[in-house]
Amino acid sequence: MFREYLAYATSGDSITLDQFTKACEDRDLLRADILRQMRDTSVLLLPVSNSPAFRHGQGNYLPGAGYRDTMRFSQWLNLTGFPGASVPVGVSNEGLPIGVQVIGRPFEDELVLAVAEAIEKARGPWQPPPIVVAETAVPASTTTLP
C-alpha cells in the first residue's frame, strides 16, 4: 500500500522551491483565516470521511474512491497543524466504523482529547467490525484467529 501511495504521490512533476514556499504561505493564510473564524468556537466536530472505513487491506490511494477522495474532510485541516482526534461513533450496515473528528485550536490538545473521551464514553464500549471469511461476515466475538 505504501508503494502505491508513493507511486501516486510522485507521479506528477516535481515542484520548485518557489512553488513549495507559496504552498506554505497559502497554508499559513488559511490557518490564520480558520483561527479568526474559531475565535468563539473552541472545537469543531466534522466527519472523518464521506464513507465508512475501508475493510482492512481494501483501502487505496488511487483516484476515485481511495483515501484521498473519501477523507477530504479531514485532510485539509490536518495540513494546517490543528490538533485533532478521530473517534468512531457508529457503524455502517456492514459493521464498518463511521467516525467523527474533533478539531481544536492550536495548543488546545487537552481540550480536543477531553471532548474525544466524552464522545467515546457517550458511545459506549466499542465493538470491532465483523471479520469477513469467504465473503461472509462473522461477528468478531465468535471467530478465533490462528
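The values are calculated or read from the model by the stated rules, or taken from the named source; none is laboratory data. Note that the coordinates shown come from a computational prediction; the quantities given were computed from them, not determined experimentally. Don't worry about glycine lacking a Cβ; one is built from the backbone with ideal geometry, like all the others, and counts go over all protein chains shown.
Observations on the model:
- Among the residues of segment 83-114, those that are under 12 Å from the mean Cα position of the chain (by Cα) and aliphatic (A, V, I, L, M) comprise Ala85, Val87, Ile98, Val100, Val102, Ile103.
- For segment 102-136, filtered to residues that are in contact with a helix residue (DSSP H, G or I) (Cβ under 6 Å, 6 or more places away or on another chain) and either part of a strand (DSSP E or B) or of a type in the set (Ser, Thr, Tyr) (or both), the residue that is modelled with the lowest pLDDT is Ile131.
- Where a residue in segment 11-39 is closer than 21 Å to Gly104 by Cα and its partner, wherever it lies, is modelled with pLDDT under 90 and of a type outside the set (Gly, Ala, Ser), with Cβ under 6 Å and at least six apart: Arg31/Thr80
- One residue stands out among those in segment 9-40 that are of a type in the set (Val, Ile, Thr) and surrounded by 11 or more Cβ atoms within 10 Å (Cβ to Cβ): the one that is nearest to the chain's Cα centre (by Cα), which is Ile34.
- Within segment 92-132, being β-branched (Val, Ile, Thr) and in contact with a strand residue (DSSP E or B) (Cβ under 6 Å, 6 or more places away or on another chain) holds for Ile98, Val100, Val102, Ile103, Val112, Val115, Ile119, Ile131.
- Close pairs (9 angstrom Cβ cut-off, 6 or more residues apart or separate chains): touching a residue at least 60 places away in the same chain (Cβ under 8 Å) in segment 115-126, surrounded by 12 or more Cβ atoms within 10 Å (Cβ to Cβ) and hydrophobic (A, V, I, L, M, F, W, C) anywhere: Val115/Val43; Val115/Leu45; Val115/Ala85; Val115/Val87; Val115/Val102
- Within the set Thr80, Thr70, the sole residue that is in contact with a Lys or Arg (Cβ under 6 Å, 6 or more places away or on another chain) and β-branched (Val, Ile, Thr) turns out to be Thr80.
- Test result for Gly66, surrounded by 16 or more Cβ atoms within 10 Å (Cβ to Cβ) and either under 30 Å from Glu110 (Cβ atoms) or touching a Leu at 6+ places or on another chain (Cβ under 6 Å) (or both): no
- Only helices (runs of 4 or more DSSP H) whose full extent lies in segment 1-101 are considered here, and the ones with at least 2 residues that are out of contact with any helix residue (DSSP H, G or I) (no Cβ under 6 Å at 6 or more places or on another chain) and among the acidic types (Asp, Glu) are 17-37.
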